[in-house]
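The values are calculated or read from the model by the stated rules, or taken from the named source; none is laboratory data. Keep in mind that what you see is a predicted model, and the values were worked out from it rather than measured. Every residue, glycine as well, gets a Cβ built from its backbone with ideal geometry; the counts of neighbours run over all protein chains shown. Just so you know, the surface numbers come from the protein's heavy atoms only, side chains and all, with ligands and any DNA or RNA stripped out. Shrake-Rupley method; radii C 1.70, N 1.55, O 1.52, S 1.80 Å.
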Amino acid sequence: MNLSRLNCDKSNHHAFSAGISLSNSDWSGDTLVFPVVIYSEGTGYNPSTGIFTAPTAGTYVFYVSVQSASQKYIYLDIVLNGSSKVLAMAWYDSGRNVRIHQTGTNLVILHLQNADRVWVKRHSGTGYYSYSTHITTFSGFKLY
C-alpha cells in the first residue's frame with residue numbers, strides 16, 4: 001500500500017540523464033560536469049556543477065559512461081559525499097599507430113539521505129570523447 005502511494009506521488013519521482021556535447025582530449029579536472037540535461041524529472045541534478053543532491057531519502061541508481069580521447073585512458077569514480085563508490089575505466093594500451101577510443105561504464109545502487117551529494121570525479125588519466133549525441137553521460141534515478 002505505501003509503495004503504491006509513493007509511486008503515484010510524482011513529487012517523489014527524481015531522475016536525470018545528462019551528457020557532454022563536445023570532446024576535451026586534455027581535460028584533467030576533478031569533477032566532470034555534464035552540462036546538457038537530456039532528461040529530468042523532479043529535482044536534484046545541477047548541470048552547472050555536475051552534482052546530484054538528493055531531494056529526499058531513498059535508494060537511488062547511478063550510471064556513468066565515458067569514452068576515452070583517442071589513444072588516451074581515463075578512469076572516473078562515482079562519488080557519494082566525497083567517498084568513491086565505483087570506478088569506470090576507459091583504458092587504452094594499443095600502441096601509437098592504432099587510433100582507438102575505449103568506453104568505460106559502471107553502475108551503483110546507493111541509499112541516500114536527504115541532501116547527500118553524488119557526482120563523477122576523475123580518478124586518473126586525461127581527456128574524454130563525446131559528440132552532439134552525448135557519448136559521455138551521467139544518469140541517476142530514485143528506485144524507491
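Of all residues in segment 25-45, those satisfying the criterion of being open to solvent by less than 60 Å² (accessible area, probe 1.4 Å) and assigned to a strand (DSSP E or B) are T31, V36, E41, Y45.
Take segment 88-123 and flag every residue that is on the phi > 0 side of the Ramachandran plot and at pLDDT below 90. Within segment 88-123, just G95 meets the criteria.
Does segment 14-21 include one or more residues that are at pLDDT below 95 and open to solvent by 40 Å² or more (accessible area, probe 1.4 Å)? There is at least one residue in segment 14-21 that is at pLDDT below 95 and open to solvent by 40 Å² or more (accessible area, probe 1.4 Å). Across segment 62-78, not a single residue is classified as part of a loop (DSSP other than H, G, I, E, B) and either within 23 Å of I109 (Cβ to Cβ) or under 12 Å from the mean Cα position of the chain (by Cα) (or both). Being of a type in the set (S, T, N, Q) and surrounded by fewer than 16 Cβ atoms within 10 Å (Cβ to Cβ) is not true of T56.
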